[in-house]
Each structure stands twice: as C-alpha cells, then as structure tokens.
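Written out below as structure tokens is the structure these notes cover.
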Amino acid sequence: MARLPFWLKAVLLTIPAVLLIVFFVLIAVGWYVRNQMLDSGGELRPLMAAYDVRHYGLDVAVNPDERSIRGVNRVTVEAIEPLNLFEIHLDGRLEVASVEVDGEPSGFEHDDGVILVSLPAPWNIGDRHQVTISYRGKPKKALRPPWVDGFVWSETPSGVPWIGVTSEGDGGDNWWPCKDHPSDEPDEGMDIALTVPKGLVGLSNGRPLGQITNPDGTVTTNWRVGFPINNYCVTVNIGPFEPVEVGYTGVDGNLDETLVFWAIPESIEDARRMWPQMPDLLVRLGRRYGEYPFLADKFWVAQTPYLGMEHQTIIAYGAAFEDNGYGFDELLLHEVAHEWWGNKVTVSDFADLWIHEGFSTYAEALHVLDTRGEESYLDYMQWFRTRSAFRTPLIPGANLTCYQVMSPDLYGKGAWVLHMLRSILGEEAMAEILWRFADGDNPETCRFTTTQDFIDLVEEISGRRLDWFWQRYLFTAELPSWKMTRVRDAGRERVEIEWDDPSFEMPLPVQIGDRRRLIDMTGGRASLEVDPSSEVVIDPNHEVLTAEPKP
Ligand SMILES: [Zn+2]
C-alpha cells in the first residue's frame, strides 16, 4: 500500500481536531444562550403555592452609566397555608442587600434565583404580611429582546440613553423580586416609583401620580397600577421621550380620554403620522371585545429599542411606523390586542399561552375583516399559515414554562384555530364567543382563564361537541390530511372524500363545477354524486388547515 503524502496526512489529522473545536464551540454557545434564559412559570413551588400576592410596591432606580439598578420591593401577601418559610424569585445576578418581614430584619438565603426568608413567627392561614426586599446590581442584559429577555441598554441615534426591559420568557424576576408564576397577580394592584437620571423621561405601568426631583438631581415618578398585572408586563422605559397625543371618545362615543405615544425625538414625525390611527383601532377592538380595560390607569405606548411587548398600559412599540398594506400597523394592533388577550384575560399556566398569542394575532385578521371585508380577511389568514411550523402541538403539556411553549405556531396556528371555528360555527356565533370570552360586558374586570374554559364556552354557545376539533388542532402537532377518489359506476360518477382519521369530522368546502358547498364529514368521510364532466376542488379558498397546504 502506498504511503499517503505528508500534506494529505496533515489535512486528515486536522479534520477531527477542527470538528472537535466546532463541537465544543456549539456546546458553549448553547450553554451561554440557555444561561441567558430564566424559567418563568412551570410547576409551582410548594412554598410559593402557600401564599397569594395581594400587592407589590416596587421602587427602582436605574443608573445607565453603570448599567445597574437598585431597588426595594414591598410584597404584601396572604397566607393560604400555614408557613414557616417564605420564598420569592430574583435572578442570582442581582444581590439581595436585606430582607424585612413586617418591618423587622430577617435572615435569608439567595440561591438559584430564589430568596428563602426565615419568618420570625409562623404565619397562619388568612394572615396578611409584608416582606420587604432591598436589592441591587447589574441585571441580565437582553440577548435578543423581546425573545431572549433582559435589560436593553440602547442609545438613540443622537447618543442619548434609551433603555427598556423585557421579561415574558424570563419572568419579571430578571430585574425585580416577584413570585414568578403566571397564576398569581397582585389582586390589589401595584405601586411603582421609578428613578432616572436628570434630563431623561422615565415611564412605567399604571397611572402617573406625580414627580419629584431628588437632592442628587435624579427624578422619581410614582405610578399606581389599579389592576392585577402579570409580572412580565411590569416594565420601565427610559429615554428622551416626547409625547404625541390624540383624543379618544370610546366605543360609545362619550369618553374624553387622551391616548399618548412617547417617541424619541428622531421619530417624532413618524409618530405624528402613525398615531391618529390609534382611536379607530381601539374602538374596533372595543366593539369586538368590550371597551379598553385599563382606561382608569391610562392608554400609553412607548417607542422601544426592541420590536414590541404587551406591557400593560405602556405598550412597547419598536417597529418601523409602516402601513402593512391593509391600512394599519399590525405590530401596534397586535400588542394593543394583548391588553384584552393576556392582560385582562390571562392564562394561569403558560401551557395555554396560545390564548394570549393566537387571539391577539387573530385580532389583526378581524380588523382586516371589519375594515376591508371577507376576501382581504382570507388573504390575511393565508399569510399566518406561512408563519407556522406545525412541529409541536399548540398545547404541549401542562405546568409548562414560557420558553417551553414559545413557538411561531402560538401565533399563526393559534389564529387559524379561531378562523376555522368561525368557518364551522359562523360569524355571529364566533363574535359572541369572543365577546363573552373577553368578558366584554365587564370591561374593567381582569380574570384568569384556561383552554378548557374556552372549549366549554364554545360548546355552550354553539350547542355542539367538538372533541375531534380540539384533539386535532390543539393537542396534536400533525395536521389532518384528506384523500379524494372518483368512482365510476354504471354511467354515474361519485366522489369519495375521506379524512385520515374517521373520528375527525371537520366539514370541507368543496367546489363542484362553479358551485361551492360545505360538505358534512360525519364519520370522517363523505360521498357525493357528481356530473362526470365537472371538476371537483377541495377547499378552494384554503379555509381548512391540512397537511398539504395547496398553492
Ligand atoms: Zn403577542
């Protein structure tokens, strides 16, 4: 056997070494990214299940030069079970300076993102207590906000600090101490005091209560959140903002409110161009789901250095101020729709997150339906189909964390679930379902919900059991497929259509010649007599989500 030339030997020996290096780099990058994603939700820890958060009182000062924060959270809770120890979340990157229980200093440990506090005396069921946590440090920087969360230390084009924070995936404990679980919100609301350097505007959730200038020149603004709030919706926006205002008279035309967009100076003209569309968007949302829920607090939107987030009463908008070709800004509408779907009506387990994302995404399509009609609405829905991957079920389990469920399907496929329900039940029933699920008659009442609540409501209003629908579209990743055969028999011709599962009974629109019919698929099949010369097209307008999306 001939000997290999030296250069070839060198190359052959180098390849495994290079592959090994690539392998370790990938592992390191994966580890780094995973380390940048805190869990939120999931299985509720027993000590956290033992109390109910009544109120948060958060004071926080932000220092852009040091990229640090310093804060105090006064957490008021009620014991649901007897307690000797108290637990609350805070990312380990931040340092806990002290903890007090009902005003007395208390011992604590801070490990693995959880502060464990020893209680001076046991708590009994129904007792109300206050735990005060002082903390400081450099919060986690956002790797890819709003998808991989944290603080965003940005600058405006002219170099002025422009700061924000996102927390949906991580939970609010990436920057403030909270019970990081979607099932508990402060029933009595929240007070926030935000301190920012002189010359910058600091914006947060809730109603502004006034401002003071501190001896060191910093400025503190106080905010009162008069409603329950998701911990991930609590936020700060800091920058050289200027307000753009527009009046709002409400769904019934008798309100006298002001909607404010806070823009950085470079975007003020864009904001002035875009903002006048807001009252109409809000009225149309209100007609479908009830009046905007948080009028008693405010309706503000802040321009952000990241794409967007549904921060309650201070929506984050970081898009390009562009019309989407349907006469509105879809990111703005989507985030505002979350004030109903996510903020007013909230899931208590992230496993049901499709209710926040699917319903807000569908709100975009309904806006198109209400302003441009059925054909444009169908076009808009097709676009959502291309945005879905159909790789995991919409509801992939129970007691899940936000990052475990986050997928493009929550948006596109989630909207399609509602779109197909509308096809099956009709526009009128669907409008009633959405109105009642949003509790449109009680605009100011926030509540928790589950997918089962939605299923029960749909079945109550329609009077139909739709097990086959939920099973296939909510709990299965794989989309259904159909088979069509033409059978000729003694000069007659039949078309046999069959779903891949006999228990799946989704009706199918069928075009026979120039006639369109909705075919009943009881038992997963149908048989139609047709004229031998007529062409048969299944689902001509692509109204049913199937495995082979047709062009
Ligand atoms: Zn969303």
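The values are calculated or read from the model by the stated rules, or taken from the named source; none is laboratory data. Being a predicted model, the structure only gives us computed values, none of them experimental. Note: ideal-geometry Cβ built from the backbone for every residue, glycine included; neighbour counts use all protein chains shown.
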Every residue from the stretch 328-346 that is touching a Ser or Thr at 6+ places or on another chain (Cβ under 6 Å) and either away from the ligand (no atom under 11 Å from the Cβ) or in a loop (DSSP other than H, G, I, E, B) (or both) | 338, 345
Search the stretch 351-365 for residues that are closer than 16 Å to residue 430 by Cβ and within 9 Å of the ligand (Cβ to nearest atom) and pair each with any residue that is hydroxyl-bearing (Ser, Thr, Tyr) and not in a helix (DSSP H, G or I) when their beta-carbon atoms are under 7 Å apart and the residues are at least 6 apart or on different chains.
-> 361/411
Does any residue in the stretch 461-476 that is over 15 Å from residue 544 (Cα atoms) and at pLDDT 95 or above come within less than 6 Å, Cβ to Cβ, of a residue that is of a type in the set (A, V, I, L, M) and surrounded by 13 or more Cβ atoms within 10 Å (Cβ to Cβ) six or more places away or on a different chain, and which pairs are these?
-> 461/429; 461/433; 462/425; 462/429; 475/395
Answer with yes or no whether residue 317 is more than 13 Å from the ligand (Cβ to nearest atom), buried (at least 22 other Cβ atoms within 10 Å of the Cβ) and not aliphatic (A, V, I, L, M).
-> no
When residues of the stretch 506-530 are limited to those that are surrounded by 15 or more Cβ atoms within 10 Å (Cβ to Cβ) and either touching a His at 6+ places or on another chain (Cβ under 9 Å) or more than 28 Å from residue 465 (Cβ to Cβ) (or both), the one modelled with the highest pLDDT | 511
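Residues in the stretch 482-505 that are part of a loop (DSSP other than H, G, I, E, B) and surrounded by 13 or more Cβ atoms within 10 Å (Cβ to Cβ): how many?
Of all residues in the stretch 482-505, those part of a loop (DSSP other than H, G, I, E, B) come to 490-491, 500-505.
Checking which are surrounded by 13 or more Cβ atoms within 10 Å (Cβ to Cβ) leaves us with 500-502, 504-505.
Looking only at that region, the number is 5.
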Residues in the stretch 371-417 that are in a helix (DSSP H, G or I) and not polar (S, T, N, Q): how many?
-> 23
Single unsatisfied condition, residue 404 versus (1) surrounded by fewer than 23 Cβ atoms within 10 Å (Cβ to Cβ); (2) polar (S, T, N, Q); (3) within 14 Å of the ligand (Cβ to nearest atom) = (3)
Looking only at the stretch 277-303, which residues are part of a loop (DSSP other than H, G, I, E, B) and farther than 13 Å from residue 249 by Cα?
-> 290, 293, 294, 296, 297, 298
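Going through 306, 232 one at a time, which residue ends up being within 16 Å of the ligand (Cβ to nearest atom) and either polar (S, T, N, Q) or part of a loop (DSSP other than H, G, I, E, B) (or both)? Step through it out loud before you land on a result.
Working: 232 fails: either polar (S, T, N, Q) or part of a loop (DSSP other than H, G, I, E, B) (or both).
The match here is 306.
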Kindly indicate the residue of the stretch 531-551 that is at pLDDT below 90 and among the hydroxyl-bearing types (Ser, Thr, Tyr) and also nearest to residue 505 (Cα to Cα) among those meeting that condition.
-> 534
Any residue in the stretch 367-375 that is under 19 Å from residue 147 (Cα atoms), within 20 Å of the chain's Cα centre (by Cα) and within 16 Å of the ligand (Cβ to nearest atom)?
-> no
Of the numbered conditions (1) within 20 Å of residue 134 (Cα to Cα); (2) crowded, with 17+ Cβ neighbours inside 10 Å; (3) of a type in the set (S, T, N, Q), residue 214 fails exactly one; give the number of that condition.
-> (2)
Residues in the stretch 236-258: is at least one under 20 Å from the mean Cα position of the chain (by Cα), on the phi < 0 side of the Ramachandran plot and within 16 Å of the ligand (Cβ to nearest atom)?
-> no
Selection over the stretch 73-115 where residues are in contact (Cβ under 8 Å) with a residue 40 or more places away in the chain, more than 19 Å from residue 59 (Cα to Cα) and among the aliphatic types (A, V, I, L, M) yields a count of 4
Determine whether the stretch 447-468 contains at least one residue that is aromatic (Phe, Trp, Tyr), buried (at least 16 other Cβ atoms within 10 Å of the Cβ) and farther than 30 Å from residue 252 by Cα.
-> yes
Are there any pairs, at least 6 apart or on different chains, whose C-beta atoms fall under 6 Å, with the first in the stretch 245-267 and more than 13 Å from residue 280 (Cβ to Cβ) and the second among the small types (Gly, Ala, Ser), and if so, which?
-> 261/271; 262/302; 263/271; 264/239
